Every structure is written in structure tokens, then in C-alpha cells.
Amino acid sequence: MSARLLVAGVGNIFLADDAFGPEVIRALDQRPLPREVRVGDFGIRGMDLAYALLDGYDTAVLVDAAVRGHEPGTLSLIEPDLPDRAAVGAPPEAHGMDPAKVLALASHLGDEPLPRVLVLACEPELRAPADEDIAPGVSATVREAVGRAVAALHAMVPVLLADPAATPPLSRPDESPALSPPGCRAP
């Protein structure tokens, strides 16, 4: 029996390169993952993602833009530390899509441990200025990374379906010092 896997695009389509996650999910329409994988564009719906994380998945791969200090368009695979349910305390913020807050909220809401969470992140080039509410359009650099992210997911998913604890075939950044060096620029 294969593992249960969630692939979730997160990000705001109105904030420039923050739309990376939803763009990858949209690109998967043309090159779908196996049907046993739940693929969803969660956009900025943090509460929906928190509840989805409690739905019995073995692994969840969040696809998101993340400032990591790499060259724009660089893909990184991150395995964040999951919040300790006992340490969460008061209910975390239920609105917005800060992945760390969503994980804390999911931990607070559920009785069972969260699934293993991986983040397929892309270094953004364009970000909305702090004084602007809308900055539509993904940069050409990040748009090119969308195809590489789809290819990376197609390489990762069979590995994770076979063994949710496996290390997928994408270099991982320094959050996991025993693993390979930061970022990965696919050819």
C-alpha cells in the first residue's frame, strides 16, 4: 500500500513571486502527479491547509516562495521542525498563510501528530513593496523555475509514496546539516 501524500501550493497570486506555489499547482494540470496524490492550491487559505494537514497524510509537500538568500529561481527542499503541540499554548492565528503559523495552528487543532512536512521553496526575485497591496505578475526567473519545480515533484513523489521517510532526490539546504548543501539549480 502506498503512503498518503499531499502536495499543497501556497502563496498570494497578487504579490508578485509569492504566486510561485499556485503557479506550480496550475502547471501540474498539464503534467499531473499520480492520482493517489492530493494536489491542491491553498493560496492564502491557511485554515484550509491546517485542516488538510490533519487528514491522515504521511507526508505533505508545501510549494512556496521563500527568501533564503540564494540566487532568484533557486529551488530548495526544506524540512522544517514541526511545532510541539504542548508548546503551542494559545491558539495560533487562524488567518493568513505564513506556513510556520499554519503548522502551529494544525498542531493546536489536532490530536494526532502532523505528517512529515517538506517545503519545496523557490527564491523569489520580485516581491511586492511594503506600501503596496497588489503587485501582479511572476518574474521571468521564477516562471522558469515553475517547470523545474514540476519536474522535481515528479522525481520526489514516487520516492515519498514508496517511503514517506526517504530523502527525495533534490539537494536540501542547511536546515538539515547532515544532508547536502543549500539550494539546487536544476539544469
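The values are calculated or read from the model by the stated rules, or taken from the named source; none is laboratory data. Keep in mind that what you see is a predicted model, and the values were worked out from it rather than measured. FYI the Cβ positions are ideal-geometry reconstructions off the backbone, even for glycines, and counts take in every protein chain you see. Areas reflect the complete protein model, heavy atoms only, side chains present, ligands, DNA and RNA absent. Shrake-Rupley method; radii C 1.70, N 1.55, O 1.52, S 1.80 Å.
So in the stretch 23-66, with the set limited to residues that are at pLDDT 95 or above and assigned to a helix (DSSP H, G or I), which one is farthest from residue 101 (Cα to Cα)?
Checking each candidate, the answer is 27.
Take the conditions surrounded by fewer than 14 Cβ atoms within 10 Å (Cβ to Cβ), outside any helix (DSSP H, G or I) and modelled with pLDDT of 75 or more and apply them to residue 113. Does it pass?
For residue 113, the condition - surrounded by fewer than 14 Cβ atoms within 10 Å (Cβ to Cβ), outside any helix (DSSP H, G or I) and modelled with pLDDT of 75 or more - is met.
Looking only at the stretch 1-42, count how many residues are under 23 Å from residue 114 (Cα atoms) and open to solvent by 90 Å² or more (accessible area, probe 1.4 Å).
The total comes to 5.
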